[in-house]
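Beneath this line is the structure, given in structure tokens, with notes to follow.
The values are calculated or read from the model by the stated rules, or taken from the named source; none is laboratory data. Every value quoted in this text rests on a predicted model; they were computed, and no experiment measured them. All Cβ positions, even for glycine, are placed from backbone atoms using ideal geometry, and neighbour counts span all protein chains on display.
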Amino acid sequence: MNPAKNLERYLPFGYAFLVIMGIIKESVKFYQLGINILDFSSITDILMSPIATLTMHPLIFCVVMITMTFGYYYPIFIQKHLHKKWVQKSINLKNMENMSSAEVNDFLSKKSVQLATTLVLSMFLGLGFGQGMITKEQILNDEFKYRNTLTYSSGEKEEIALIHSNSQYYFYLPKGSKKIQITPISSIKQLEVTKNRMLD
């Protein structure tokens, strides 16, 4: 039996794993900004968080897809070279001669899942930490460009740097302030890009 086929039983847990990774990534990012993002997130935001992360940049999507593909074909490659001692040693496979074919396949599938999980976890943690650190530094050094204008329900307008948004809230930095504001979307009449700064 092809060990890669055993990975199909892990697929139902794949999206749940990505949701957890999305939560961890957002929590790590906003923790550095003094915000508990879960307090401002709906179930929809949580379920969509991995999709939002994967589509935020083509490079991220490509890396995750490559990782998943690697995880799928890894056991196939290993099985072809399983007779080599260095391969057995690299995956910590001991007493292979006493294992059945099914046990070997199961072992390889678990190793593949562990490797893919570690790679994806490292990527999401790195993204969360890196984005949070960069955003914090930009706020402290006043490096944001205020490309957006909020129009409140009252008609009042404010020039801002939009940091994040979800289904319920806008997270932004008002011009001249170093404190992040969190405002319900329901209180905003319009969000627009400041035309004279689109090409900055």
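Annotations
- Any hit, the range 149-159, residues being surrounded by 14 or more Cβ atoms within 10 Å (Cβ to Cβ) and either in contact (Cβ under 8 Å) with a residue 60 or more places away in the chain or in contact with a Pro (Cβ under 8 Å, 6 or more places away or on another chain) (or both): yes
- Filtering Leu59, Leu125, Leu119 for residues that are modelled with pLDDT of 85 or more, within 14 Å of the chain's Cα centre (by Cα) and closer than 21 Å to Glu26 by Cβ leaves a single hit, Leu125.
- Residue within the range 156-164 that is touching a helix residue (DSSP H, G or I) at 6+ places or on another chain (Cβ under 6 Å), under 20 Å from Tyr31 (Cα atoms) and in a strand (DSSP E or B) present: no
- Flag for Thr53 being part of a helix (DSSP H, G or I), touching a residue at least 40 places away in the same chain (Cβ under 8 Å) and under 13 Å from the mean Cα position of the chain (by Cα): yes
- The condition of being touching a Lys or Arg at 6+ places or on another chain (Cβ under 9 Å) and within 30 Å of Val19 (Cα to Cα) does not hold for Pro58.
- Condition met for Ile51 (modelled with pLDDT of 80 or more and either of a type in the set (A, V, I, L, M) or under 30 Å from Ile139 (Cβ atoms) (or both)): yes
- Within the range 32-48, considering residues that are crowded, with 16+ Cβ neighbours inside 10 Å and among the β-branched types (Val, Ile, Thr), the one modelled with the lowest pLDDT: Ile46
- Of the set (1) surrounded by 15 or more Cβ atoms within 10 Å (Cβ to Cβ); (2) at pLDDT 80 or above, all apply to Leu108 but (2).
A quick yes/no check of all residues on (1) touching a residue at least 40 places away in the same chain (Cβ under 8 Å); (2) hydroxyl-bearing (Ser, Thr, Tyr); (3) in contact with a Phe, Trp or Tyr (Cβ under 7 Å, 6 or more places away or on another chain):
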| site | (1), (2), (3) |
| --- | --- |
| Leu82 | no, no, no |
| Gln88 | no, no, no |
| Ile91 | no, no, no |
| Ser101 | yes, yes, no |
| Val104 | yes, no, no |
| Lys111 | no, no, no |
| Thr118 | no, yes, no |
| Glu137 | no, no, no |
| Phe144 | no, no, no |
